[in-house]
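**Student:** Could you have a look at this structure, given as structure tokens, before my questions?
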Amino acid sequence: QVYREAVIADSIRIAQLAARENIRIAFEYHANTLTDTAASATSLLLQAGHPNLFCYWQPPADMDPDAAEASLRSIAPWLSYIHVFYWPQAQVRRPLSEGSALWRRYFDLVRSWPADRYALLEFVMDDDPEQAVADAKTLQRLLIQAGG
């Protein structure tokens with residue numbers, strides 16, 4: 001609890017400093033952090049209560065699509081960037097094209113929200129530059145289909 005309170009206080013301080021320079025601060029939605037679940041991320045952002053604090057989102061490893069969508073919905077007020085990749089199992093990178101149906105689902109949801117959100121490619125299969133190009137093309141198609 002002491003650690004969490006220190007993180008909240010420091011987050012507010014950093015958000016205030018960054019806001020003066022027109023810089024947005026976003027936590028990464030990531031395992032083994034204070035933003036590793038939707039509940040934890042939401043709690044942290046609510047407790048901090050600063051308008052310049054946001055959150056990235058990525059589908060949690062090994063989470064079924066319905067639960068992942070619920071986690072995305074819960075951080076909607078603070079969502080800034082979405083880390084896009086396709087891991088059908090934890091630590092198993094596959095081409096983004098294989099996860100197109102799933103990502104269409106997430107992007108259709110995000111598209112229905114009023115503020116702009118951004119997507120960036122992360123975790124390319126085999127760290128292969130050619131796969132990165134293919135995944136970027138898939139991401140572009142997905143965003144066009146979602147109207148973004």
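**Student:** Kindly indicate whether I25 is touching a residue at least 40 places away in the same chain (Cβ under 8 Å) and among the β-branched types (V, I, T).
**Tutor:** For I25, the condition - touching a residue at least 40 places away in the same chain (Cβ under 8 Å) and among the β-branched types (V, I, T) - is not met.
**Student:** Can you find a residue that is of a type in the set (S, T, N, Q), assigned to a helix (DSSP H, G or I), open to solvent by 30 Å² or more (accessible area, probe 1.4 Å) and touching a helix residue (DSSP H, G or I) at 6+ places or on another chain (Cβ under 8 Å) anywhere in the range 99-107?
**Tutor:** There is no residue in the range 99-107 that is of a type in the set (S, T, N, Q), assigned to a helix (DSSP H, G or I), open to solvent by 30 Å² or more (accessible area, probe 1.4 Å) and touching a helix residue (DSSP H, G or I) at 6+ places or on another chain (Cβ under 8 Å).
**Student:** While we're here: Within the range 122-133, can one find any residue that is under 15 Å from W57 (Cβ atoms) and of a type outside the set (A, V, I, L, M)?
**Tutor:** yes
**Student:** Still on this structure: With the condition kept exactly as written, say whether any residue in the range 82-94 is closer than 28 Å to G147 by Cβ, in contact (Cβ under 8 Å) with a residue 12 or more places away in the chain and over 17 Å from the mean Cα position of the chain (by Cα).
**Tutor:** yes
**Student:** Oh, and also: Could you tell me which residue of the range 114-133 is modelled with the lowest pLDDT, considering only residues that are over 15 Å from the mean Cα position of the chain (by Cα) and assigned to a loop (DSSP other than H, G, I, E, B)?
**Tutor:** Across the range 114-133, the extreme among qualifying residues is P114.
The values are calculated or read from the model by the stated rules, or taken from the named source; none is laboratory data. These numbers were taken from a predicted model, which means no experiment stands behind them. Don't worry about glycine lacking a Cβ; one is built from the backbone with ideal geometry, like all the others, and counts go over all protein chains shown. Just the protein is used for accessible areas: all its heavy atoms, side chains included, with ligands, DNA and RNA removed. Shrake-Rupley method; radii C 1.70, N 1.55, O 1.52, S 1.80 Å.
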